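Trainee: After the structure tokens below, expect a handful of questions from me.
The values are calculated or read from the model by the stated rules, or taken from the named source; none is laboratory data. Just so you know, these numbers come straight off a predicted model, no measurement behind them. When we count neighbours, we look across all protein chains shown, and the Cβ atoms used for this are built from the backbone with ideal geometry, even at glycine. Ligands, DNA and RNA are excluded from the accessible area calculation, which covers all protein heavy atoms including side chains. Shrake-Rupley method; radii C 1.70, N 1.55, O 1.52, S 1.80 Å.
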Amino acid sequence: MSCLAQSESGQFVAAAEGETNSTGNSYIFLFDMQEIKMVNKLTFHQKGVQAMAFAGKDKLISIGVAGENALALWDIKQGLVIKSVLLPGHSTN
């Protein structure tokens, strides 16, 4: 795991992989701490995640590692990326 983030309420914790796994992606694992279980396995970043932060009640922001440098905004209830951008001045190659 490369980074952790906790929601303001403390209900959710996200843990991210910092490099590509055997599936060719890197996952963000989302845990519900009230129910004490993993509720979702999010995938978007291919090379790893270097930072995350919760935004509001149901959004998560993740930033890919150097060489990918994509920023993703997640709807954690749906488990979907609702917006993504490539950070300026960086390459995805």
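Trainee: Taking segment 24-38 on its own, how many of its residues are farther than 20 Å from ASP58 by Cβ and out of contact with any strand residue (DSSP E or B) (no Cβ under 8 Å at 6 or more places or on another chain)?
Mentor: 1
Trainee: Can you pull out every residue in segment 14-53 that is among the aromatic types (Phe, Trp, Tyr) and farther than 24 Å from PRO88 by Cβ?
Mentor: Across segment 14-53, the qualifying residues are TYR27, PHE29, PHE31.
Trainee: Answer yes if at least one residue in segment 37-52 is in a loop (DSSP other than H, G, I, E, B) and over 20 Å from SER84 (Cα atoms), and no otherwise.
Mentor: No, segment 37-52 has no match at all.
Trainee: Of the numbered conditions (1) of a type outside the set (Lys, Arg); (2) in contact with an Asp or Glu (Cβ under 8 Å, 6 or more places away or on another chain); (3) open to solvent by 60 Å² or more (accessible area, probe 1.4 Å); (4) within 15 Å of GLY10 (Cα to Cα), ASP58 fails exactly one; give the number of that condition.
Mentor: All conditions pass for ASP58, except number (3).
Trainee: To continue, here is another question. Does LYS41 satisfy the criteria of being over 15 Å from SER7 (Cβ atoms), basic (Lys, Arg), in contact with a Ser or Thr (Cβ under 8 Å, 6 or more places away or on another chain) and open to solvent by 70 Å² or more (accessible area, probe 1.4 Å)?
Mentor: no
Trainee: Which of the residues that make up segment 26-36 are part of a loop (DSSP other than H, G, I, E, B) and either open to solvent by less than 40 Å² (accessible area, probe 1.4 Å) or within 14 Å of ALA70 (Cβ to Cβ) (or both)?
Mentor: Selection gives SER26 alone.
Trainee: To continue, here is another question. Quick check on my filter: what residues within segment 61-93 are in contact with a strand residue (DSSP E or B) (Cβ under 8 Å, 6 or more places away or on another chain), open to solvent by 70 Å² or more (accessible area, probe 1.4 Å) and over 16 Å from CYS3 (Cα atoms)?
Mentor: LEU80, ILE82, LYS83, LEU86, THR92
Trainee: Further question: Could you list, in sequence order, the residues of segment 53-69 that are assigned to a strand (DSSP E or B) and either at pLDDT below 95 or of a type in the set (Val, Ile, Thr) (or both)?
Mentor: Scanning segment 53-69 gives ILE61, ILE63, GLY64.
Trainee: If THR23 satisfies all but one of (1) open to solvent by less than 60 Å² (accessible area, probe 1.4 Å); (2) over 17 Å from SER7 (Cβ atoms); (3) over 13 Å from the mean Cα position of the chain (by Cα), what's the number of the condition it fails?
Mentor: Tallying (1) open to solvent by less than 60 Å² (accessible area, probe 1.4 Å); (2) over 17 Å from SER7 (Cβ atoms); (3) over 13 Å from the mean Cα position of the chain (by Cα), THR23 fails exactly one: (1).
Trainee: Moving on. I'd like the full set of residues that are under 21 Å from THR23 (Cβ atoms) and either of a type in the set (Phe, Trp, Tyr) or within 9 Å of the chain's Cα centre (by Cα) (or both), limited to segment 51-93.
Mentor: MET52, LEU60, SER62, ILE63, GLY64, ALA72, TRP74 - these are the residues of segment 51-93 that are under 21 Å from THR23 (Cβ atoms) and either of a type in the set (Phe, Trp, Tyr) or within 9 Å of the chain's Cα centre (by Cα) (or both).
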